[in-house]
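Colleague: Encoded as structure tokens, here's the structure I'll be asking about.
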Number of protein chains: 2
Amino acid sequence: MTTMTATQATLEIDQSRLWDALMVMAEIGKTERGGSGRLTLTELDKQARQLFIRWCEEIGCTVTVDRIGNLFARREGKRPDLEPIAFGSHLDTQPKGGRFDGVLGVLAGLEVLRTLHEHDIVTERPLLLVNWTNEEGSRFAPAMVASGVYAGEFTHDYILSRTDRDGVTFAEALRKIGFEGDAAIGEPSFARFFELHIEQGPVLEEEALDIGVVTGVQGMRWYDITFTGQAVHAGTTPLSYRNDALCAASRLIDSLTQHALTHDPDAKVTFGELTIPSSSRNVAPGEVRLTVDLRHTSTEKLDALEIAYFDKLAEAGETYGVMIDQTCIWDSPVVAFNDDNIASVEASAKAHGFGYKKMMSGAGHDAVYISKIKPTSMIFVPCLKGISHNEAEYSSPEQCAKGAQVLCDVVVEHANRV
Amino acid sequence: MTTMTATQATLEIDQSRLWDALMVMAEIGKTERGGSGRLTLTELDKQARQLFIRWCEEIGCTVTVDRIGNLFARREGKRPDLEPIAFGSHLDTQPKGGRFDGVLGVLAGLEVLRTLHEHDIVTERPLLLVNWTNEEGSRFAPAMVASGVYAGEFTHDYILSRTDRDGVTFAEALRKIGFEGDAAIGEPSFARFFELHIEQGPVLEEEALDIGVVTGVQGMRWYDITFTGQAVHAGTTPLSYRNDALCAASRLIDSLTQHALTHDPDAKVTFGELTIPSSSRNVAPGEVRLTVDLRHTSTEKLDALEIAYFDKLAEAGETYGVMIDQTCIWDSPVVAFNDDNIASVEASAKAHGFGYKKMMSGAGHDAVYISKIKPTSMIFVPCLKGISHNEAEYSSPEQCAKGAQVLCDVVVEHANRV
């Protein structure tokens, strides 16, 4: 690590030890192309949890498990009566996921505990390293559901009744791997929360920065649209007689994307799924279904983007004589993280001379739900080409270590504030 | 029928008898919503063929079957040594097809024979009513394959080896229903060919016309395109960093359609199938596959349309930073029908005072292949809203009768030319 200023603690994390832990964990559920596939509450997830518990207990931590499988490794402080400083992320992955998404946040937290243990340092407050169950939502939808239950966003019954593709409930899967714990929902409590995570986007890498000081999470609105025109034969119907649903959808996609690119480079517009229910090469489509995902870091600008979306949608329908049926199926407001947490992350990055920028998270994380009940913020590190949810996901040992170092700084700083 | 001029034969077809024949045939393979489902070489097709043969034999015709199941009903002329005048279409339908596509051409031909029989008229040349096997191509691709074999476009072996979805070959299906006949391919021969068909488009209805004097068939070019960009997360990747394959496809679809609408209202551009191989609501598509169907009545204008397509395609790829791989998978040149046939159809329509226009066919028909070896043309009648390949397909008894009357006129005229 680079030299610290006199005002910062000089406790340094161990880059090799962190990298080794990441690589050992990645052996559990290793995929053909070098990624990780550890769906939540499977036998592989059980093995990952057991390894996590062993590693934590080896350095004197006590692990408790709550009713929905969240793991909390407590390292005692000088003042056990004070609420601990919490940090962590998740060990579950996508079916063909990477070795860093979630895992880095947990194992960098372990590296913080190991560093303290190695130097025989006891903080004032206790520390609490958390592994949240089922962040990915790949096996049991929705995503981030266990941190959501912890934060009171969903009920305990709700999460237990979620089912996977084979009809297995969350409750059954949890019991099968033996991780239905005794701790009540919301226990143990903590004072504040930090989450280190790979960016899952290209910005830090493109700008050659080390650290994202995450100030909040973008607002997000999801829509489903059905365009209904008339299916007609490609050879016999002149263009002027048509009501082509695919032309209308295409007009919307191109025009809204161009509008956003021109007027607001921070706006994010994504059309992820387009289906033609009954399609044939020589039939102009009579019906098209399209999904829309709008995101922005500013509520005001998200509203403006939504107005542009409505305008372009109406114009597309009129241009091609196509009926439109659209619904907003999800509206997730802009989240602002805790200023005190953010300031600590920025100060640490600055003190180490790390290149950094303040940025909003584009994706959801466990920190989103936790931020509703406790002072929370996140730390991002770059990942190769922004690739994530993919076996090719990669952050270098140096990049991971810089993130872990910032995590160590802020955790120790807050744990010594009494 | 309206009164004929003195120069025309006054032989009138029977509207009710024609309509009754259509409705009786439609009982074979009748669908829930009142359409017809008689896939080629099925048990239902066998029943339709048997009914056709019975009806033809009842009025003294002799039916021969060739090696690929084409049916030829011969009504003897005063000069059996001369080549007959042929006319007809097909009795097979789409899986959920209509009662008129193909069937009208065959049963209007039957009505011509019945009218001559009723009036005890014998033409100079023999007459030959044809039911071509597997025009639709729904069970065995490609379409129009049996008229294609007759005309020498495909080999006999080629058609026999075509397989359906269950792996059954054309040869097996043909033998199973007992319609592998003795007549050699290309036998019996004939002097010229007329085909009556519903328009399958909206033009005649929109212009309140009775008859389409079909002068040829549009040229047609089919392309497959793959757009390859980069799949990225909807939340984390700014628009300016993306290479969105769906945006590029959409730009092409909208811009080429608008170009055609503005510059050449006769150009037909259809994007029938669009697929995103691995799609997710919160992922900007990295790959999109698109089909393109370009048609025009003029080879020169079809070439110009193709150039516009290449331009718009390149522009779409550049705009969104997306790679393009495109192939022309089919190129069907513009077909011009026989002038003598066309003149006879126009003269008949005019003589009856029918509203008509000269037009090109947008779809393929058995007449396309036959036109390569014999003087050929087609007669169109309007159908409701241009709907075809659909259970809702409809032409009125009057509309069908007017088409049959023109067919009767031109067949009798040419059969008496020696």
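Colleague: Placing the label point 7 Å from Cα along the Cα-to-Cβ direction, what are the distances from residue A:53 to the equivalent spots in the other copies, shortest first, in nm to one decimal?
Modeller: 7.8
Colleague: Roughly how many Å is it from the Cα centre of segment B:361-418 to that of segment A:209-238, as a whole number?
Modeller: Going from one Cα centre to the other spans 44 Å.
Colleague: Across the residues of B:196-206, average count of Cβ atoms on other protein chains within 10 Å? Working shown, then result.
Modeller: Values: counts 0, 0, 1, 2, 5, 7, 8, 4, 0, 0, 2.
For peptide B:196-206, the averaged partner shielding equals 3.
Colleague: Point me to the residue of chain A whose C-beta lies closest to the A-onto-B rotation axis, rounding the distance to whole angstrom.
Modeller: Taking Cβ atoms only, the nearest residue and its distance are A:250, 2.
Colleague: Please go through segment A:93-162 and write out the trypsin sites (Lys or Arg not before Pro) that DSSP classes as loop and that have at most 11 other C-beta atoms within 10 Å.
Modeller: In loop regions of segment A:93-162 (DSSP not H, G, I, E or B), there are no sparsely surrounded trypsin sites (Lys or Arg not before Pro).
Colleague: Here's a follow-up. Would you mind checking the radius of gyration and Dmax of the protein assembly as shown based on alpha-carbon positions, in Å?
Modeller: Rg and Dmax of the protein assembly as shown, Cα atoms, are 36.1, 119 Å.
Colleague: Suppose a student asked you for the relative contact order of segment B:219-332, using Cα pairs under 8 Å spaced at least 6 residues apart; what percent would you report?
Modeller: Relative contact order, segment B:219-332: 47 percent.
Colleague: List the residues whose amide H sits under 5 Å from the amide H of residue A:376, counting only those 5 or more places along or on another chain, with H placed 1.01 Å from N in the peptide plane.
Modeller: A:193, A:338
Colleague: Tell me the label-point distance for the pair residue B:122, residue A:155, using the 7 Å Cα-to-Cβ offset, in nm and rounded to one decimal.
Modeller: Each label point lies 7 Å from its Cα, and together they span 9.1 nm.
Colleague: Oh, and also: Hey, can you grab everything whose amide H is under 5 Å from the amide H of residue B:361? Only 5+ residues off in sequence or another chain; H modelled, so Pro and N-termini drop out.
Modeller: Residues meeting the amide H criterion: B:215, B:216, B:217, B:218.
Colleague: List, shortest first and in nm to one decimal, how far the label point of residue B:169 (7 Å from Cα along Cα→Cβ) is from its counterparts in the other copies.
Modeller: Those separations, rounded to one decimal, come out as 5.7 nm.
Colleague: Each residue of segment B:166-182 in turn: what ³J(HN,Hα) in whole Hz from Karplus with 6.51, -1.76, 1.60 and θ = phi - 60°, glycine and Pro shown as x?
Modeller: 8, x, 6, 7, 4, 4, 5, 5, 4, 5, 4, 8, x, 10, 8, x, 9
Colleague: Summarise the partner chain shielding of B:249-259 as one whole number: the mean count of Cβ atoms from other chains within 10 Å of each residue's Cβ.
Modeller: 6
Colleague: Here's something else I'd like to know. Compute the semi-axes of the equivalent ellipsoid of segment A:237-355, taking the square root of 5 times each eigenvalue of the Cα gyration tensor, and list them largest first in whole Å.
Modeller: Semi-axis lengths for segment A:237-355 are 41, 14, 13 Å.
Colleague: Moving on to the next point. How far is residue A:119 from the same spot in each other copy, in nm, shortest first, if each label point sits 7 Å from Cα toward Cβ?
Modeller: Result, one decimal in nm: 11.1.
Colleague: Same structure, new question: Please find the FRET efficiency linking residue B:163 to residue B:43, where r is the Cβ-Cβ separation and R0 is fixed at 25 Å, and quote it to the nearest 0.05. Please list the in-between numbers first.
Modeller: Numbers: r = 18 Å, r/R0 = 0.74.
The calculated FRET efficiency here is 0.85.
Colleague: Separate question: Pairs of alpha-carbon atoms within less than 8 angstrom and 6+ residues apart define the contacts here; what relative contact order does chain A have, in percent?
Modeller: 25 percent
Computed from the coordinates by the stated procedures, all read-outs in this text should not be read as laboratory data. Just so it is clear, the model here is predicted, and its values are computed rather than measured. All Cβ positions, glycine included, derive from the backbone under ideal geometry; neighbour counts span all protein chains shown.
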